[in-house]
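The values are calculated or read from the model by the stated rules, or taken from the named source; none is laboratory data. Worth saying up front: this structure is predicted, and the values here are computed from it rather than measured. All Cβ positions, even for glycine, are placed from backbone atoms using ideal geometry, and neighbour counts span all protein chains on display. Areas reflect the complete protein model, heavy atoms only, side chains present, ligands, DNA and RNA absent. Shrake-Rupley method; radii C 1.70, N 1.55, O 1.52, S 1.80 Å.
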Amino acid sequence: MIPLPPELPGLLLGWYRDHARVLPWRSQATPYRVWISEIMLQQTRVEAVRPYFLRFLEALPDVPALAACSEETLLKLWEGLGYYSRARNLQKAARMLMENHQGVLPPSFQELRALPGIGDYTAGAIASIAFGLPCPAVDGNVLRVLSRVTASTRDILSPQVKKEFAAALAAILPDCPGDFNQALMELGACVCLPNGEPRCEDCPLAGLCQARARGLTGQIPQKAPKKPRREEERTLLLLFRGDGSLALRRRPSPGLLAGMWEPVNLPGKLDAEGAAGAIRELGLAPGDLIPLGEAKHVFTHVLWRMTGWRAAVTGEALPQAGLVWAGEGELRESFPLPSAFRAFL
């Protein structure tokens, strides 16, 4: 186990009381609200999550509402947050809660951990913040703080390192584990910043920090290099009928953006002639094609390099094309469209 300074909780909690951001999920830390916020915050910035959280809670205020809503409603509420499997796992977990826990989250780390989409960190966050249970919650922010405090040069992406830091935190958890866990997260998010640019002058742990003392904040934390992303060329066709409706079709499930709606999205980089030919293969007659330029979108393991074309079309699409036609109101209210296509839409 990596030992942590015993005075760390007292210093951190005093700082947190004075500097904690006012966030909607903190003001009323019910188990449901903590759960939704923690899932939304995975791989997403706090500033981006705030409006989504408020809108989601207004539409789906509790577990029964989440369990009962349609997938289209759920994904529309999630539209733009990305990583849509998070939303689907939320609903799977809500339905399990309705079946096995009378529609409430259980006050148990192990039972929370057994729900879809909830790993060690999220279970620890819900257990400590919503129920006051003595559970550590170790995310990337926490790993960065602890690595710098201890000057650890071990790989923070290693499950063993994460496990050892969790055990070290469990040994010094104070009587208010939820506040302590949030204080660590807050310090990593606002002060002990990544990319070698921590605000050490504002840090309550500056006197304990071994990386600061040794001039190593720029080299810590250490991460094993990631595999390079696979790159794919894609062509996006925005096809409009005379009434202004846009052709959409559903992506296959499972897979990337599983079950989401999208404009016609084809492999490869098509020029105007190739795009026109692809439109005819759908059973439609294209008018003049208007170039929409290029854009890229980064997924976890894939980079899409996209070329866009817009065309007015006539005729009836072939049934096997799988197209539906969505007007402006339907696009806004009914069809969840991934943010990958935002540059064109």
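Structure values in brief
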| quantity | calculated |
| --- | --- |
| In the stretch 41-56, the residues that are open to solvent by 20 Å² or more (accessible area, probe 1.4 Å) and at pLDDT 90 or above | Leu41, Gln42, Val46, Glu47, Ala48, Arg50, Pro51, Tyr52, Leu54, Arg55 |
| Close pairs from the stretch 264-285: first touching a residue at least 40 places away in the same chain (Cβ under 8 Å) and in a loop (DSSP other than H, G, I, E, B), partner loosely packed, with under 14 Cβ neighbours inside 10 Å and hydrophobic (A, V, I, L, M, F, W, C), Cβ under 7 Å, at least 6 apart | Leu282/Leu318 |
| The stretch 81-128 - residue that is within 19 Å of Phe53 (Cα to Cα) and of a type in the set (S, T, N, Q) and, of those, most open to solvent (accessible area, probe 1.4 Å) | Ser85 |
| Enumeration of residues in the stretch 200-217 that are among the charged types (D, E, K, R) and in a loop (DSSP other than H, G, I, E, B) | Arg214 |
| Any hit, the stretch 136-153, residues being touching a strand residue (DSSP E or B) at 6+ places or on another chain (Cβ under 6 Å) and touching a residue at least 12 places away in the same chain (Cβ under 8 Å) | yes |
| Selection count where residues are hydroxyl-bearing (Ser, Thr, Tyr) and surrounded by fewer than 20 Cβ atoms within 10 Å (Cβ to Cβ), scope the stretch 293-315 | 2 |
| Selected residue (criterion: surrounded by the most Cβ atoms within 10 Å (Cβ to Cβ)) from residues of the stretch 224-259 that are among the charged types (D, E, K, R) and part of a strand (DSSP E or B) | Arg234 |
| Residue in the stretch 312-322 that is closer than 12 Å to Leu236 by Cβ, in a strand (DSSP E or B) and either out of contact with any Gly (no Cβ under 7 Å at 6 or more places or on another chain) or free of Cβ contacts under 8 Å to residues at least 12 places away in the same chain (or both) present | no |
| Residue count, the stretch 70-91 (criterion: at pLDDT 95 or above and among the hydrophobic types (A, V, I, L, M, F, W, C)) | 1 |
| The stretch 173-211 - residue that is touching a residue at least 60 places away in the same chain (Cβ under 8 Å) and over 19 Å from Gly14 (Cβ atoms) and, of those, most open to solvent (accessible area, probe 1.4 Å) | Gln210 |
